[in-house]
Structure formats: structure tokens, C-alpha cells
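*Asks:* Before anything else, here's the structure in question.
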Amino acid sequence: MPILHLLGYLLLAGLAWLFRASYVGWLGPYIFAAAVLLPLVILLFSLPSMMGLQVTLSAPGRVMRKNPAELTVDFSNRRLVPIHSLTLHIEIRNRYTGERSRQNYIFRNLESSQSRLPLPTDLCGELECAVLRFECRDALGIFSVRRRGNSVCSCTVMPQAVESDEPINFEAALSTETILKPKYGGGFAEDHDLRSYRPGDTANSIHWKLTSKMDEPIVREALVPENSTIFVVLSRVGEEDRGLEVLRWLSRTLLDMDEPHVIVSDSLYSVGNEEETDSAIASTLSWPMREPCGFDAKGARCVFTVSGGEVRWQ
């Protein structure tokens, strides 16, 4: 019980008792009984609102780092008697950095409504917001009911796209000589090679015009680049999420050059447009920070490694 509410009730009960003791008529006992039973009667009428109150959290799916964002709290109350106050205990956990914070908020004279609370957007990561519990007080504010929360929502704080500390010579980085290899399963390809027929080759692959001039069947073998993949590896995030900012900038720059690539972080993400870049980064931010996963760079056209604000390539 809040001390002030308890003292106020005790003062009221004491005045009723003094009135009963000093008043010789029949009304004194009834006033004293009414004062004693008043909190229980108010509690009885307040219970439907206290037990029926629903608290729901919602938040935007994605926001940019350091941009203002709000957590929306929806209160749904089947109100017979108004709730005096509600104490809401909320936990916000950054799934990427592992940081947790707990905040307590007090709302008074609560009805069915909405309230907005600020979200921390100083660091990138998926913010998981959950109602741990909430405490409702009856109309007099004397008795309380504690209930467990079951509402959870998430908001991903995304990095801005910021250029690397040093300029990148993309022409030199992507000038690797193309190595061709036979296309698995055959079929059409812009590049091809001519060779003698081998058992298992399909009739569609035979170069009939050239075969008619030769003593043996000649096959047109489809070729595809062996070193066509570009990898962008997130090696180190660095301070102020600098690595994530450079990663997003580098990915978008490659896409502007019509260069699809693979982002390497907690997993491998094939990227062909800006939406896929943002989805890959958002997926990375939804797991605890870790070292980049392994990948086969043997046939890579180029491997960009992002370490803080620096980008190395090979």
C-alpha cells in the first residue's frame, strides 16, 4: 500500500471512530462501519477493471540509428470503476549487443488509450521490448494486483550508409581476369568452348554444322565464370557501429555498379538489391555479435573485408 493512501484511510477511519464515540445517536455505528468497509467495496468494484486490463506493445519494424523512435503502449480497459494507477515494468534487450535495460513507468487515472515511450537508438541491433509485469491499483489506490505481462515486440535499429575512411579503387578491385569453367548440367551460356564428343553429351550440344566438316562429332560446351562471386565480409564492427555503416554503404555502392554480391556475417546472404541488403543487415542484428562464418573464397572474384571504418580487398 502506498504510505499516503494508507495514512489517509487510517485518518478517515479514526475520524469515523471519534464520531461514533462522541455521537450518542444511532448514526455513529453505521458511519464507522461504512468507513471500515469502504476500501473493500471499492476493491470489489475495481477488480473487473484490474483483472481485465490488457497491455499491448508495438514498435516500428526498422528505424535509422540515432533517429527518434517510440514504443507504443496500448491500454484496453473494461472500465466499471477507474483504475487509480498502473505501474508498468518493461525490459528492452538489444539482441545484437546483449545489453539490457529495465524501466518502470507509472500511469494514473488510466482508461483505454495509448501512450508513447522513447526507444534507445544509440546503437544498432534488434531491440526486443517485453512487458515483464504490471501492477494495478484500485480506485482508492490502496490495494494492488500484480500481473505478468505477455506482450512482446521488436524494432531493428539500422545503421546509416556512411563511406569508408579511405577511398576504394573499385576498378582495380574488380578487375580480376575471368576464369571460365564448364556449366554444370550444360545448357545455354554466353561463353562456350568446342571439344570432341564424349559419352553422355546430349544431342542438343552437338555443333552439327562443324561436325559435318570434321571426322568426329564436335560439341559446344557451355562455360560460366568460375570466379564471379564478390564477398563482403564484416570482420569487425568497431566503435559507434562504424563497421555496420561502412558495410551498408559498400553493399549499396556495389549494387549501383550492378554487382550482386554475398554479405558474410553470421551467415551468408546473397544480395541483388537494396531491400536484400537491408534484410541481410537486419538478420545479422537479430543475433548476438559473433565472428563472421566460414566461406569458400577459392573462386571469388574479389573479397572486401570491412573492419571498423576501413575496407581491405583482395
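*Asks:* Among all residue pairs at least 6 apart or on different chains, which show Cβ distances below 9 Å where the first residue, located in region 105-133, is at pLDDT below 85 and aliphatic (A, V, I, L, M) and the second is crowded, with 19+ Cβ neighbours inside 10 Å and outside any strand (DSSP E or B)?
*Replies:* Taking only residues 6 or more apart or on different chains, the pairs are LEU110/SER49; LEU110/LEU53; LEU110/ASN77.
*Asks:* Which one of LEU268, LEU255, LEU244 is surrounded by fewer than 19 Cβ atoms within 10 Å (Cβ to Cβ), among the hydrophobic types (A, V, I, L, M, F, W, C) and touching a Cys at 6+ places or on another chain (Cβ under 8 Å)? Can you show your working first?
*Replies:* Numbers: LEU255 fails: touching a Cys at 6+ places or on another chain (Cβ under 8 Å); LEU244 fails: surrounded by fewer than 19 Cβ atoms within 10 Å (Cβ to Cβ).
The match here is LEU268.
*Asks:* Scanning for something out of contact with any Asp or Glu (no Cβ under 8 Å at 6 or more places or on another chain) and assigned to a loop (DSSP other than H, G, I, E, B), does region 237-247 turn up at least one residue?
*Replies:* Our first condition is that a residue be out of contact with any Asp or Glu (no Cβ under 8 Å at 6 or more places or on another chain); within region 237-247, this holds for 237-245, 247.
In the following step, the residues that additionally are assigned to a loop (DSSP other than H, G, I, E, B) were identified as 237-238.
Taking every residue of region 237-247 in turn, at least one turns out to be out of contact with any Asp or Glu (no Cβ under 8 Å at 6 or more places or on another chain) and assigned to a loop (DSSP other than H, G, I, E, B).
*Asks:* For region 127-169, which positions are of a type in the set (Phe, Trp, Tyr) and outside the structural domain of GLY52 (by TED's automatic domain parsing)?
*Replies:* none
*Asks:* Only one of (1) in contact (Cβ under 8 Å) with a residue 40 or more places away in the chain; (2) at positive phi is not met by ARG236, so which one is it?
*Replies:* Of everything listed in (1) in contact (Cβ under 8 Å) with a residue 40 or more places away in the chain; (2) at positive phi, ARG236 misses just condition (2).
*Asks:* Of all residues in region 149-180, count the ones that are modelled with pLDDT of 90 or more, within 30 Å of GLU91 (Cα to Cα) and assigned to a loop (DSSP other than H, G, I, E, B).
*Replies:* Of the residues in region 149-180, 4 are modelled with pLDDT of 90 or more, within 30 Å of GLU91 (Cα to Cα) and assigned to a loop (DSSP other than H, G, I, E, B).
The values are calculated or read from the model by the stated rules, or taken from the named source; none is laboratory data. No experiment lies behind these values; they were computed from the predicted model shown. Please note: Cβ atoms are built from the backbone with ideal geometry, for glycine as well, and neighbour counts cover all protein chains shown.
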